[in-house]
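Trainee: Once you've had a glance at the structure underneath, I'll fire off some questions.
Laboratory data are not the source of any read-out in this text; all were calculated from the coordinates shown. Computed from a predicted model, the values in this text were never measured in an experiment. Here the Cβ positions follow ideal geometry from the backbone for every residue, glycine too, while neighbour counts run over all protein chains shown.
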């Protein structure tokens, strides 16, 4: 167990941040899954910017690597463009 007051506070803040990061990461993964499942181009085109923004935010906060965010966005854009 931590002996310093600052270490105890750090444990609390780390737990809060971990919970928020986990929630945002899971939400983004579900959004990516939903976008990949769409077959209507109009729906996919309207959903894509929000999903891309989610991925960019996760990369900015170092929840996921920036190259992973780029790779996911690229694949999703290819999927949206391939819809008829």
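Trainee: Does any residue of the stretch 30-41 turn out to be part of a helix (DSSP H, G or I) and farther than 25 Å from residue 83 by Cα?
Mentor: Checking the stretch 30-41: not a single residue is part of a helix (DSSP H, G or I) and farther than 25 Å from residue 83 by Cα.
Trainee: Now, a different point. Determine whether the stretch 51-59 contains at least one residue that is out of contact with any strand residue (DSSP E or B) (no Cβ under 7 Å at 6 or more places or on another chain), touching a residue at least 12 places away in the same chain (Cβ under 8 Å), more than 19 Å from residue 18 (Cα to Cα) and part of a helix (DSSP H, G or I).
Mentor: Checking the stretch 51-59: at least one residue is out of contact with any strand residue (DSSP E or B) (no Cβ under 7 Å at 6 or more places or on another chain), touching a residue at least 12 places away in the same chain (Cβ under 8 Å), more than 19 Å from residue 18 (Cα to Cα) and part of a helix (DSSP H, G or I).
Trainee: While we're on this one: What are the pairs with Cβ atoms under 6 angstrom where one residue, in the stretch 1-29, is in contact (Cβ under 8 Å) with a residue 40 or more places away in the chain and the other, located anywhere, is surrounded by 12 or more Cβ atoms within 10 Å (Cβ to Cβ)? Sequence gap at least six, or different chains.
Mentor: Close Cβ pairs satisfying both conditions: 21/63.
Trainee: Being exposed (fewer than 10 other Cβ atoms within 10 Å of the Cβ) and either at negative phi or over 18 Å from the mean Cα position of the chain (by Cα) (or both) narrows it down to one of 19, 39, so name that one.
Mentor: Checking each option against the conditions leaves just 39.
Trainee: Please find, within the stretch 60-84, the residue that is surrounded by the fewest Cβ atoms within 10 Å (Cβ to Cβ) out of those that are over 13 Å from residue 32 (Cα atoms) and in contact (Cβ under 8 Å) with a residue 24 or more places away in the chain.
Mentor: 84
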